[in-house]
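The values are calculated or read from the model by the stated rules, or taken from the named source; none is laboratory data. For clarity, every value in this text was computed on a predicted model and none was experimentally measured. Ideal geometry is used to build each Cβ from the backbone, glycine not excepted, and the neighbour counts take in all protein chains shown.
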Amino acid sequence: MKMTFGWRRWLVAASILAVLVVIGIFMFFGLRQRVSRLGQEERNAEQSERAVPRAAITTPTDQTIQAHMFWLSATTHDTLEPVDIELPLSADPAIRAKQLIQALITQVPDPARRTLPADASLLQLYLMPDGTAVADFSDALATETPSGILSEQLAVNSIVNTLAANVASIRRLKILIHGQETQTLAGHVDLTGFFTVSAPLSAPAGLPILPTNPTRLPPTTPGGVTILKHESAPPTPPASGVSAPKPAQPAPKNR
Amino acid sequence: MLNRSRLVAILIAALCAFGASLDAVSVSRAQPGGQQSQPPQAPAPRATGAAPIVKPQSQLGPFSPAGPPPSQSPFFTENVPPLIVLDPAHGGTDSGAHSSSGINESDIVLEYARLMRVALEAEGLRVILTREGDQNPSFDDRAALANASRRAIFVSLHVSTTGTPGTVRAYSLPALPAPQSFPVPALNLPPPVAQPNPHPGLRDWNHAQEPYLDLSRKLAELVQVQLSQRFRGSPDTPTAVAIRQLRTIAAPAIAVEVSSVSVPNRGQLEDMSSPLAQAVAKAVADFLSAYTGASPGASQ
């Protein structure tokens with residue numbers, strides 16, 4: 001009798017366990033579906049957000065001029081190369097910066113020369129009175145930029161150099177991803193600080209001078225090229241023993 | 001009866017635990033990307049005499065790095081053998097750059113680091129790796145290994161997605177912008193003033209690399225010279241890039257990136273491991289003798 005009771009007890013336990021396992025399996029698959037649905041909803045939300053800035057940005061002051069754009073070199077994909085294209089650009093520096101970044105993404109002459117992911121979009125760009133531009137990109141900039149120091153550096157430099165060559169009033173750039181400060185672009189390049197946007201010595205031919213801040217910085221780089229520098233925020237004086245900033249190689253040549 | 005109710009209670013507890021683990025799975029799946037941090041390794045006890053580094057628990061606000069200038073830092077003055085911290089990037093769930101042919105950056109750089117350790121030890125140097133297997137320590141866990149030493153040199157190893165295959169680049173952080181080059185506010189606001197260090201003698205963890213920028217650039221130059229001799233098409237000079245991993249290292253720190261995972265077969269990248277190890281070992285030995293006046297093996 002005792003044995004029978006013992007077996008029955010274990011049979012009941014095993015049955016309960018089996019039921020629980022079945023319930024667990026159903027819950028697991030249900031959760032998986034829910035997670036994938038959530039991911040899809042996020043993607044849809046991003047796409048709908050992207051649809052708005054992807055529409056052509058135009059203003060009454062738009063004037064078609066030759067813009068200096070920086071994409072990968074046609075011969076080697078280790079460096080950037082300036083390409084002149086005709087673009088209708090606004091006189092407003094913030095709108096002009098948006099138009100330029102949108103053109104960087106959408107008007108690349110050859111897919112092999114792309115620096116920013118095709119799915120990336122500029123959600124918003126703010127230009128502060130001190131010349132700080134804050135560019136807010138969609139998640140795709142972080143998730144689809146090829147991982148690597150070189151590729152991330154080229155992506156950031158293409159934005160920085162293009163802004164430097166075409167918008168005189170931007171002094172430094174902060175990159176956000178979907179409204180948030182992130183540690184890195186795709187695992188390497190630090191996005192927690194600011195990137196210095198140095199104006200070229202001479203504006204490209206046909207490029208009107210935009211309203212700028214009263215104070216212009218002395219050009220720090222020879223040859224009218226931009227050097228990508230990363231600033232701490234806020235800037236701190238160099239520690240004793242640290243040499244003054246030194247021009248590295250020209251950005252368009254090796255970036 | 002008592003046994004039966006106890007059994008039911010155990011089963012309910014097991015169900016709860018199972019449900020909790022499912023929730024954890026769903027949360028981790030819902031947050032793709034980002035660095036997966038392994039349980040932090042026990043940090044090595046910091047040797048006495050080194051300038052302490054403050055890892056802020058709260059946002060204290062950035063402040064100027066304090067501590068001795070590099071020329072008087074323990075890196076030069078302490079008579080301890082240098083420690084080379086090799087950092088095979090990525091690992092664990094983060095494979096880094098990867099190709100359609102199945103080449104993963106995290107695997108390749110671990111092989112590079114192992115061979116480089118042998119080459120550096122042959123120079124009489126002490127070497128540790130930030131990971132020995134397929135783990136992914138956080139940026140700060142990796143930095144902690146170097147920052148716990150009084151005389152470390154940090155070399156982070158990477159393989160890129162792009163770039164001319166067979167070329168290698170050395171990177172260090174860019175120099176700080178000169179204070180006067182900072183834009184002047186247009187709204188009659190006072191210019192930004194660096195906050196005084198609220199903890200004199202301590203350094204801000206987030207800016208730990210700042211006093212070592214010049215040394216890091218010199219190390220990168222020496223490494224790049226060796227790389228350009230061994231890998232045709234590599235640049236002659238290093239590149240200054242804001243790399244997150246290097247920012248929190250309180251020691252000469254560089255990154256070395258090999259191009260690229262787009263090679264047709266893995267063997268091409270593996271063939272680069274030996275000359276890469278020799279290049280870095282030679283450059284580190286040159287750096288130590290040129291900038292610290294000590295030959296690597298002498299302090300052993």
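Residues in the range B:234-271 that are within 21 Å of residue B:290 (Cβ to Cβ) and of a type in the set (Asp, Glu): B:236 alone.
Across the range A:176-190, the number of residues qualifying as in contact (Cβ under 8 Å) with a residue 24 or more places away in the chain and under 23 Å from residue B:249 (Cα atoms) comes to 8. Put simply, of A:135, A:97 the only residue that is over 15 Å from residue A:181 (Cα atoms) and small (Gly, Ala, Ser) is A:97.
Please state which one of B:259, B:228 is within 13 Å of chain A (Cβ to nearest Cβ), crowded, with 23+ Cβ neighbours inside 10 Å and among the hydroxyl-bearing types (Ser, Thr, Tyr).
Only one candidate passes the filter, namely B:259.
In the range A:42-100, of all residues being modelled with pLDDT of 80 or more and among the charged types (D, E, K, R), the one that is surrounded by the fewest Cβ atoms within 10 Å (Cβ to Cβ) corresponds to A:86. Among the residues of the range A:179-200, those that are in a strand (DSSP E or B), out of contact with any Pro (no Cβ under 8 Å at 6 or more places or on another chain) and closer than 15 Å to residue A:153 by Cβ comprise A:184, A:189, A:190, A:195.
Of all residue pairs spaced 6 or more apart or on separate chains, those with beta-carbon atoms under 6 Å, a first member in the range A:134-163 that is more than 8 Å from every other protein chain (Cβ to nearest Cβ) and farther than 21 Å from residue B:88 by Cα and a second member that is part of a strand (DSSP E or B) and among the β-branched types (Val, Ile, Thr) are A:135/A:175; A:137/A:177; A:156/A:189. Tell me which residues, restricted to the range A:53-95, are over 17 Å from the mean Cα position of the chain (by Cα) and of a type in the set (D, E, K, R). Hits for the range A:53-95 are A:62, A:78, A:81, A:84, A:86, A:92. Of all residues in the range A:91-133, which are part of a loop (DSSP other than H, G, I, E, B) and within 14 Å of chain B (Cβ to nearest Cβ)? A:114, A:115, A:116, A:117, A:128, A:129, A:130, A:131 - these are the residues of the range A:91-133 that are part of a loop (DSSP other than H, G, I, E, B) and within 14 Å of chain B (Cβ to nearest Cβ).
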